[in-house]
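For reference, the structure discussed in these notes is given below.
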Amino acid sequence: MPDPSRRRFLTETAVALAAAPFISTSVTRARAQEARKLGVAVCGLGRLSEHQIAPALAKTKHCRLAGIVTGTPAKAEAWKAKYGLPATSVYGYDTMHRMADNPDIDIVYVVTPNALHAQHTIAAAKAGKHVFCEKPLEISVERCQQMIDACKQAGRLLGTAYRCQYDPHHLECIRLVREEVFGKPTILQAGFAINVGNPGQWRLQRALAGGGALMDVGIYALQATRYLTGEEPVMVSAQETKTDLRRFAEVDESMVWTTKFPSGVVAYCSTSYKAGGIQNLRVNAERGWFELDPAFFYDGNHGRRSDGKEIRFPEIDLFAAEMDDFARCVLEQRPSKVSGEEGMRDVRIMQAIYESARTGRAVTLG
């Protein structure tokens, strides 16, 4: 009689041999996908792109510079020479639709003035590209929604460049809150201010910036209070101050605001274009406190805790970290934690802050 154990061995061996090509192909494809670097086109070649984003792309594991979008021919020539870009990967703002014919570009990183984000995001999405957009996402909730809708219709991801969500120091602060190391948080304080510099720059023009200090750097403080609490504010109250009416005729110079969260946590925040040096984040809790100071720099952030311990981690390139994470989201076809919807939430709250400052009344948020 046939040996049943031998028959089983032969059957299992045959099945394994038959499946081997498919398993091998699957593994090979997975490894190839993991090793592939996504091509990124930088849209807008200002100082941030030149000094932070382009150098960071060279440090990423999953991205590479594959194109540029600019309205300045001299910048186009300089970037082509520096990064070895072919002429076919250089676009103007009015020719972004041609990227649809360039499979070398997977993602467009929008780094243009705030009020142009929707225009350039929608153009990139229509060309079939994923979009990573600098903060704020746009200058109104309506425009943010248009960007979200355009990317959804194109089946592409939209992300907001919130680099602090990748900073180990901020992630540690989130852990301290979530694990209630010092008990439940009670009062948050956050502030970010800079001396804005050149009076002729676009950041001081409402048509391009949509707002001033709040839109530009105050958004970091606002974001921090949201991801630390894990909640959305239910009420905001704000006050604006101007000491230079000529320079800040179109945008806010300084803004302070208070937000109340559903759990009862209250956050006191400030921002300014004329008070450089404010750069902090502090959480006061039931049994102690912890803080980052400085909190929002590109590097050098660190802090301390009420129990005497430091909050200090090895420095990383935050731009490289955020771009790599977005690239992994694209490759793995999963949502980004800094989605377009996340960006729109901050814009909605900032609009309420402006309304409160304008009317002198607290604004309730739904």
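Any read-out appearing in this document is the output of simple, stated calculations on the displayed coordinates, not a laboratory observation. None of these values were measured; they are calculated from a predicted model. Don't worry about glycine lacking a Cβ; one is built from the backbone with ideal geometry, like all the others, and counts go over all protein chains shown.
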> For the chain, what is the relative contact order in percent, using Cα pairs closer than 8 Å and at least 6 residues apart in sequence?
Replying inline: 18
>> Amide H of SER339 versus every other amide H placed in the peptide plane: which residues, excluding those fewer than 5 positions away on the same chain, fall under 5 Å?
In response: THR160
>> For the pair LEU331/ARG36, report the inter-label distance in nm, with labels modelled 7 Å from Cα in the Cβ direction.
In response: 1.0
>> Using Cα springs under 10 Å in a Gaussian network model of the chain, which residue among THR72, THR112, THR229 shows the largest mean-square fluctuation?
In response: THR72
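Longer than 20 Å from Cα to Cα, which of LYS37/LYS129; LYS37/LYS126; LYS37/LYS75; LYS80/LYS152; LYS126/LYS152 are they? Say none if no pair is. Working shown, then result.
Details: LYS37/LYS129 15 Å; LYS37/LYS126 22 Å; LYS37/LYS75 25 Å; LYS80/LYS152 32 Å; LYS126/LYS152 10 Å.
Pairs exceeding 20 Å: LYS37/LYS126; LYS37/LYS75; LYS80/LYS152.
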> Could you give the length gained on full extension between HIS51 and GLU231, defined as 0.36 nm per residue of separation minus the Cα-Cα distance, in nm?
Replying inline: 61.4 nm
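For a quick check of your reading of the filter: which chymotrypsin sites (Phe, Trp or Tyr not before Pro) in region 76-128 sit in a DSSP loop and have no more than 16 other Cβ atoms within 10 Å?
Details: sites: TRP79, TYR83, TYR91, TYR93, TYR109; in loops: TYR93.
Here the chymotrypsin sites (Phe, Trp or Tyr not before Pro) that fit, given the DSSP loop and packing criteria, are TYR93.
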> For the pair ARG361 and ALA58, what calculated FRET efficiency results from E = 1/(1 + (r/R0)^6), where r is the Cβ-Cβ distance and R0 = 51 Å, to the nearest 0.05?
Replying inline: 0.55
> Reachable lysines from LYS260, Cα under 28 Å, same-chain residues fewer than 8 places away excluded?
Replying inline: LYS135, LYS184, LYS242, LYS274, LYS337
>> Given Cα positions, please report Rg to Rh for region 164-315, the hydrodynamic radius being the Kirkwood one.
In response: 1.00
> Going by a ≥ b ≥ c, the root eigenvalues of the Cα gyration tensor, does region 304-366 fall in the rounded group (a/c under 1.5), the prolate group (a/b larger than b/c) or the oblate group?
Replying inline: oblate
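Any number yet on Rg/Rh for region 101-162, C-alpha, Kirkwood? Intermediate values should be presented prior to the final figure.
Numbers: Rg = 10.5 Å, Rh = 11.2 Å.
Checking Rg against Rh, the ratio lands at 0.94.
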>> Let me make sure I get this right: for region 138-203, a, b and c are the square roots of the gyration tensor eigenvalues over alpha carbons, sorted descending. Under 1.5 in a/c it's rounded, otherwise prolate if a/b > b/c, else oblate. Which is it?
In response: oblate
>> If I model a spin label as a point 7 Å beyond the Cα along the Cα-Cβ vector, how far apart are those points for ILE187 and GLN205 in nm?
In response: 4.2
>> What distance in nm separates the two pseudo spin-label positions at ALA87 and ASP101, each 7 Å out from Cα along the beta-carbon direction?
In response: 1.4
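So, counting K/R as plus one and D/E as minus one, what does the shell of residues with Cβ under 13 Å around PRO294 add up to?
Spelling it out: positives minus negatives among the neighbours equals -2.
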> How do 332-344, 304-316 rank on mean C-beta neighbours within 10 Å, highest first?
Replying inline: 332-344, 304-316
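Enumerate by residue number the trypsin sites (Lys or Arg not before Pro) in region 199-260 meeting two conditions: DSSP loop (anything except H, G, I, E, B), and at most 13 other Cβ atoms within 10 Å of the site's Cβ. List each step's numbers first, then the result.
Details: sites: ARG203, ARG206, ARG226, LYS242, ARG246, ARG247, LYS260; in loops: LYS242, ARG246, ARG247.
Hits after loop and neighbour filter: ARG246.
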>> What Kirkwood Rh does the chain have if only Cα atoms enter the pairwise 1/r average? Answer in Å.
In response: 22.4
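Counting only Cα atoms, I'd like the Rg/Rh figure for region 38-161, Kirkwood definition for Rh. Numbers along the way, then the final one.
Working: Rg = 13.3 Å, Rh = 14.2 Å.
Radius of gyration relative to Kirkwood radius: 0.94.
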>> Starting from 0.36 nm per residue, how many nanometres of slack lie between GLU286 and ASP299 once their C-alpha separation is accounted for?
In response: 1.7 nm
> Angle, helix 141-154 long axis vs. longest principal axis of the chain, Cα atoms, 0 to 90°, nearest 10?
Replying inline: 10
